[in-house]
Amino acid sequence: MSSSAQDFKGQVVIVTGSSSGIGQACAVHFGSLGAHVVVNYHSSEDEANETLQQIIAKGGDGIVVQADVSKEEDVLFLFEQTISKFGRLDVLVSNAGLQVDAPFLDMSLKQWQKVIDVNLTGQFICTREAARQFVKQAQSNPKETATQSIGKIVMMSSVHDIIPWAGHVNYASSKGGIMMLMRSISQELAPYKIRINSVSPGAIRTTINKAVWSDEAKMEELMHLIPYRRIGTPEDVAKAVAWLASDDSDYVNGETLYIDGGMTLYPEFADNG
Ligand code: NAD
């Protein structure tokens, strides 16, 4: 199914972890572009319903599905619900993620495992199911493979896929893992005409980093890390995700797009190199 960045009419988009933050902004943005949106949530049903209401208000439609992305049976349920309601899938935004922070010397196996399970294994299960669905659709309707990608996946990484992060080694390792997962499956699945890319946000104003943006001193410190001198918004990320999921980026595959106001430019070297 063809699409420009402005047109997702008739396309079916799953956004994992879309009851809040970046996922919610992505879901609402795709809704505003005419998509059928599957709003996945883990535990906040009310917030997921609020996301759906915002989608409807913007002219889209969708459903809400509870699933823990780190559990295979839940993800299978998420995809079954999607196909049973809309009959197909065009885009997966694999966004769900969390932080469980601890100094390395104190980090328990449980803290390590939780983050890897959700942030990395969750990405594996969701992207595999999306790819299986895309291949199945293309086999049953080969015409759709003629010129455009048969399906698009955008994985939510972080600047911490390349910036080391003391005190958050489970998180940074999960995001570093996403980069090689994304690049390896892009290489493997490109011949099927499936496109897979990542976005790597810097500091985006969501609940995940509320401790920073709600504290003036911490915000001032943060600005030293951002050459563009502002914190990002979930909508900054959503617009880039939509572009990567559209045919406007049809020749972009296996790439990571940093949405970080320049955080990855080593800003501390600007006047200190
Ligand atoms: P958020 O906490 O608002 O969103 C994370 C979402 O993932 C929540 O809705 C949460 O319920 C969901 N989730 C957590 N565990 C889940 C599970 N097991 N199954 C399904 N859903 C689950 O924070 P956010 O900032 O919007 O984070 C979204 C993504 O963006 C994450 O992958 C995060 O690592 C990434 N990210 C955020 C920032 C930032 O500065 N906010 C920067 C870089 C990357």
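Some observations on this one:
- Anisotropy class of the stretch 44-110 from Cα gyration tensor, a/c 1.5 cut: prolate
- Excluding ligands, DNA and RNA, the accessible surface per residue across the stretch 197-259 is 54 Å² with a 1.4 Å probe.
- A dipole drawn for the chain from +1 and -1 charges on Cβ atoms has a positive end, and of Val135, Val169, Tyr41 the residue lying farthest that way is Val135.
- The mean sequence distance of close C-alpha pairs (under 8 Å, at least 6 residues apart), as a share of the length of the chain, puts its relative contact order at 20 percent.
- Prolate/oblate/rounded label for the stretch 1-80 (Cα gyration tensor, a/c 1.5): oblate
- When a 1.4 Å probe is rolled over the protein heavy atoms, the share of accessible surface on the chain that falls to carbon and sulfur comes to 54 percent.
- Over 25 Å [Cα-Cα, the stretch 71-175], rounded percent: 34 percent
- Lysines whose Cα lies under 17 Å from that of Lys114, excluding same-chain neighbours fewer than 8 positions away: Lys71, Lys175
- Charges were assigned to the Cβ only: +1 to each Lys and Arg, -1 to each Asp and Glu. The resulting dipole of the stretch 150-273 about its Cα centre is roughly 340 debye.
- Between 0 and 90°, nearest 10: helix 45-57 axis offset from the chain longest Cα axis: 60 degrees
- Computed FRET value (nearest 0.05) for Ile63 with Phe269, which takes r as the C-beta separation and R₀ as 45 Å: 0.40
- The Cα center of the stretch 10-42 and the Cα center of the stretch 112-161 differ in position by 15 Å.
- Counting only DSSP H runs of at least 4 residues, each contributing -39500 (n - 2.57), and dividing by the residue count of the chain, the helix-based mean residue ellipticity at 222 nm comes to -12500 deg cm²/dmol.
- Over 25 Å (Cα to Cα) - which of Lys9/Lys239; Lys193/Lys239; Lys110/Lys239; Lys85/Lys136; Lys58/Lys210; Lys58/Lys85 fall in this group: Lys110/Lys239; Lys58/Lys210
- Calculated log₁₀ intensity ratio I(q)/I(0) where the Debye formula runs over C-alpha points of the chain, q = 0.13, 0.15, 0.16, 0.17 Å⁻¹: -0.82, -1.10, -1.24, -1.39
The values are calculated or read from the model by the stated rules, or taken from the named source; none is laboratory data. As the structure is a prediction and not an experimental result, all values here were calculated from the model. Cβ atoms come from the backbone with ideal geometry, glycine included; neighbour counts cover every protein chain shown. Please note that ligands, DNA and RNA were not included when accessible areas were found on the heavy atoms of the full protein model with its side chains. Shrake-Rupley method; radii C 1.70, N 1.55, O 1.52, S 1.80 Å.
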